[in-house]
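The values are calculated or read from the model by the stated rules, or taken from the named source; none is laboratory data. What you are looking at is a predicted structure, and each value in this text was computed from that prediction instead of being measured. Positions of Cβ are backbone-derived with ideal geometry, glycine not excepted, and every protein chain shown enters the neighbour counts. Ligands, DNA and RNA are stripped out before the accessible areas are found, and what is left, the full protein with its side chains, is counted by its heavy atoms. Shrake-Rupley method; radii C 1.70, N 1.55, O 1.52, S 1.80 Å.
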Amino acid sequence: MIIAWLEEVRSKDVSLVGGKGASLGEMMNEELPVPRGFAVTAQAFRQFLDDTGIAKKLFKSLEIDVDDSEALKNAEKKAKSLIIDAKMPPEMKRDILSAYDKLCDREGEEVFVAVRSSATAEDLPDASFAGQQETFLNVRGGEAVVDAVKRCWISLYGARAIFYRAKQGFEHEHVNIAVIIQTMVDADKAGVLFTAHPTSGEPTTIIEAGWGLGEAVVSGSISPDNYVVDRRTKKILQRNIATKNIMHIRDRDTGNTIKKKVPDDMMDEKVLTDVELMKLTELGEIVENHYGIPQDVEWAIVNEKIYMLQSRPITTIQRIGKETQLVEEGELILEGIGASPGSAYGNVEIVSKLDELDRVSEGDILVTKMTTPDMVTAMKRAVGIITDEGGLTCHAAIVSRELGTPCVVGTKKGTTVLKGVKLVTIDGEKGRVYEGRLEQAITKEEEVAKPVERTRQVTVTEVKVNISIPDAAERAAFTGADGVGLLRIEHMILGLGKHPQLYIKEGKSEEYINELVKGIRIVADAFYPRSVWVRTLDAPTDEFKSMQGGEDEPIEHNPMMGWRGIRRDLSNVEHFKLELQAFKRLYALGYDNVGIMLPLVQHPKELSKAKQIIVESGLDLDKIELGIMVETPASALIIDQFIEEGLDFISFGTNDLTQYTLAIDRNNENVAYMYDETHPAVLRLIEHVIQECNKAGVKTSICGQAGSSPSMAKKLVELGITSISANIDAVESVREAVLRAEKGILLDFARRS
Ligand code: PEP
Ligand code: MG
């Protein structure tokens, strides 16, 4: 069967019309207002491969080492050109053309249609990898439809999809694709709705709405209006009207979707009437009742008529936290800073030299002066980590949090006090170390990690996560974070053991680029399509000196204020260009969720120079998100000039912003007591930047340690920040604080009005 009309398919037909098609069929059967349409079946696709004789060649071309990015790119190119060049069998083409004609007859004109791929491998956890995301809007005319169908087919062979299937052990031959063709809804307003409250699961409908087509809301490129309706009482509990700067509409001349500024009088106008809110709530209920679980529904309104465009369950797996309570207190023998929560007990293994790392076995507590990137493998074996030096943002703290391993840093004398001690229990929350095994401490093996299904947590202010080691990506994605607000690449590079300059000297730049692509891709994959802001190199000279080939790193009295951040890349452009090549390859592989963030910027000239090199390297600034870290008082004070230079986002690096504003070395224990990210001067800089950015429609975020504090999160929400990026272990508590703060603002508003 080549064509299946949506009204004739049901959920059992997934193998015929894909998940999306089957769900639309179900909704139509419930007499929900779904735009008319048909599917070009998955069997049609398979028949196309067989009848044109390209199947064998195609699958052969996919037998590659997917870790080799060049080979992967070539496989994508080959597969795509095989499909594009093959002539569609005439009967198949005739069937598609006549279905389109029939649709036009039913609509009474030659209609614009949306053409979308719909993969049949329902067990693929993330639809995006199966090529399900491909969508062509505003397609009109039989030939154009046939062409769009082929373009949806080739989305099954994007580099990212090939890579993912190979890694997951899916046979390319067994993954098929259907294509859905539906009458375009030329929306006046559109958005999404959730049929249950994101945290409590209470029967409240949450509706997000913006002007024009749904793209702006779905892609998160605008802050939409947010409404909450109590399903039991049918009362509208909240109306949070946002300033909506941008809308997507269909250009009547070209048929293309274009982005345009929302007219001034509509920007702050509420999108939905009360009647529409009630109607949407009702339709959401019908969908939820039909599927039996809370749904996330895309909708659109045109000429006051509501359409349901898509529905899927809103479930994410959440992990039940580790038991961290230590009920019986034993003998406290050491104290430091609790850097990664949780408790654990194990044998003490003190490491003073790198060649002693092998002594750390599974289940040991690793004790050392300060961890280094060479120690990460041993850190993974350990159940707890204790260091003499460091604060909340040192290497040990960052890596332990990402590994989920309890850690106490800055104990000053751990390596001496613990000499001769066999067994300890550590409390990574309070920063305490006890001799022996305490009753309630549990090891990683005993950890309760029961997956539970929960409704997705939704906050208007996005809650993202920070990552430094790609191995932590899955765990980070598991938190349900809205994206990655900071991917540090220094740890990845330090982990290579060889200085980037040595790669260049040995003529092995390609190898270096591949390593960057490999590391970033793991994170971009785990979060796709959620955005991942990758920070370009921010390497202090002292840390890079000890690497093989790092001898030429200058000796600096104050590396924190020295040759690091963007200033380093702008004076060693050769290295910057290698990073940009890595980004270019990632974009070519389809990772359009990757953004670029420049560290330690202090003058707009640096941003403009960096942009010039980015463009010269062949990257398209219109297609990528580019931003800066605000971590110098200079950049905060003249943020207006950075905005004028042009950027998509800023992110507060409060670890540095605090040290530079207060003149307090962030790694110096002697002045640590004065280090305060909530110092009024720091807060004033933050407030100023948020205000200026909000005026200009530039996104604001925070990725410094302060973003992991619920009380700081509250302040930032009140100041109007767009997103907060926290450590993995803090995502949940920050999300709660954000929710509470957002509700507080609404309540306050309601009380005053
Ligand atoms: C910061 O300065 O707050 C930041 C996130 O960057 P880093 O800690 O890597 O300097
Ligand atoms: Mg910094």
Matching residues in segment 238-262 (within 25 Å of Leu137 (Cα to Cα), in contact with a strand residue (DSSP E or B) (Cβ under 9 Å, 6 or more places away or on another chain) and in a loop (DSSP other than H, G, I, E, B)) number 7
Please tell me if Ala730 is open to solvent by 40 Å² or more (accessible area, probe 1.4 Å) and within 26 Å of Gly336 (Cβ to Cβ).
no
Of everything in segment 526-555, what is away from ligand 2 (no atom under 16 Å from the Cβ), of a type in the set (D, E, K, R) and more than 27 Å from Gly483 (Cβ to Cβ)? Give them in sequence order.
Lys545, Glu551, Asp552, Glu553
Which count do you get for residues in segment 244-287 that are touching a residue at least 12 places away in the same chain (Cβ under 8 Å) and open to solvent by 70 Å² or more (accessible area, probe 1.4 Å)?
8
Would you tally the residues in segment 533-551 being outside any helix (DSSP H, G or I) and either over 22 Å from Asp471 (Cβ atoms) or more than 15 Å from ligand 1 (Cβ to nearest atom) (or both)?
7
Kindly establish whether Val523 is in the same structural domain as Tyr660 (by TED's automatic domain parsing), touching a Leu at 6+ places or on another chain (Cβ under 6 Å), within 16 Å of ligand 2 (Cβ to nearest atom) and β-branched (Val, Ile, Thr).
no
Could you tell me which of the residues Gly485, Gly495 is touching a residue at least 60 places away in the same chain (Cβ under 8 Å), part of a strand (DSSP E or B) and under 19 Å from Ser468 (Cβ atoms)?
Gly485
Scan of segment 692-706 for residues that are over 17 Å from the mean Cα position of the chain (by Cα) and away from ligand 1 (no atom under 16 Å from the Cβ), ordered by number:
Glu692, Cys693, Asn694, Lys695, Ala696, Gly697, Val698
Among the residues of segment 690-706, write down those that are more than 16 Å from ligand 2 (Cβ to nearest atom) and not in a strand (DSSP E or B).
Ile690, Gln691, Glu692, Cys693, Asn694, Lys695, Ala696, Gly697, Val698
Taking segment 212-237 only, how many residues are modelled with pLDDT of 75 or more, touching a helix residue (DSSP H, G or I) at 6+ places or on another chain (Cβ under 8 Å) and part of a loop (DSSP other than H, G, I, E, B)?
3
Given (1) in contact with a strand residue (DSSP E or B) (Cβ under 6 Å, 6 or more places away or on another chain); (2) within 16 Å of ligand 2 (Cβ to nearest atom); (3) not charged (D, E, K, R), index of the condition His491 fails
(1)
Restricting attention to segment 668-689, which residues are within 17 Å of Glu718 (Cα to Cα) and within 16 Å of ligand 2 (Cβ to nearest atom)?
Glu677, Val682, Leu685, Ile686, Val689
Candidate set: segment 607-635, residues that are within 16 Å of ligand 1 (Cβ to nearest atom) and of a type outside the set (Gly, Ala, Ser); chosen: the one surrounded by the fewest Cβ atoms within 10 Å (Cβ to Cβ)
Pro633
In segment 707-727, what residues are assigned to a loop (DSSP other than H, G, I, E, B) and either open to solvent by 20 Å² or more (accessible area, probe 1.4 Å) or polar (S, T, N, Q) (or both)?
Ser709, Gly720, Thr722, Asn727
Failed criterion for Leu657 (all others in (1) within 16 Å of ligand 1 (Cβ to nearest atom); (2) farther than 18 Å from Val463 by Cβ; (3) open to solvent by 10 Å² or more (accessible area, probe 1.4 Å) hold)
(3)
Can you list the helices (runs of 4 or more DSSP H) found entirely within segment 344-443 that contain at least 3 residues being within 36 Å of the chain's Cα centre (by Cα) and on the phi < 0 side of the Ramachandran plot?
376-381, 395-403
Would you list the helices (runs of 4 or more DSSP H) that sit entirely within segment 46-112 and hold 2 or more residues that are in contact with a helix residue (DSSP H, G or I) (Cβ under 8 Å, 6 or more places away or on another chain) and either at pLDDT below 95 or not assigned by TED's automatic domain parsing to the domain that holds Asn176 (or both)?
55-61, 69-85
Look at Glu510 and say whether it is out of contact with any Ser or Thr (no Cβ under 6 Å at 6 or more places or on another chain) and either among the basic types (Lys, Arg) or open to solvent by 30 Å² or more (accessible area, probe 1.4 Å) (or both).
yes
Could you say which residue among Leu62, Leu6 is open to solvent by less than 30 Å² (accessible area, probe 1.4 Å) and closer than 25 Å to Asp186 by Cβ?
Leu6
Take Ile555 and tell me if it is of a type in the set (Val, Ile, Thr) and open to solvent by 10 Å² or more (accessible area, probe 1.4 Å).
yes
Evaluation of Ser128 against (1) in a helix (DSSP H, G or I); (2) modelled with pLDDT under 60; (3) under 20 Å from Val185 (Cβ atoms) (one fails), failing number:
(3)
Condition set open to solvent by 40 Å² or more (accessible area, probe 1.4 Å) and in contact with a helix residue (DSSP H, G or I) (Cβ under 8 Å, 6 or more places away or on another chain), scope segment 472-489, selection farthest from Val523 (Cα to Cα): answer is Arg475
Flag if Ala588 is more than 16 Å from ligand 1 (Cβ to nearest atom), in the same structural domain as Asn514 (by TED's automatic domain parsing) and buried (at least 21 other Cβ atoms within 10 Å of the Cβ)
no
State yes or no: is Glu556 in the same structural domain as Ser531 (by TED's automatic domain parsing) and at pLDDT 95 or above?
no
Tell me, please, whether a residue that is within 26 Å of Glu574 (Cβ to Cβ), touching a residue at least 12 places away in the same chain (Cβ under 8 Å) and either away from ligand 1 (no atom under 16 Å from the Cβ) or out of contact with any strand residue (DSSP E or B) (no Cβ under 6 Å at 6 or more places or on another chain) (or both) can be found in segment 663-684.
no
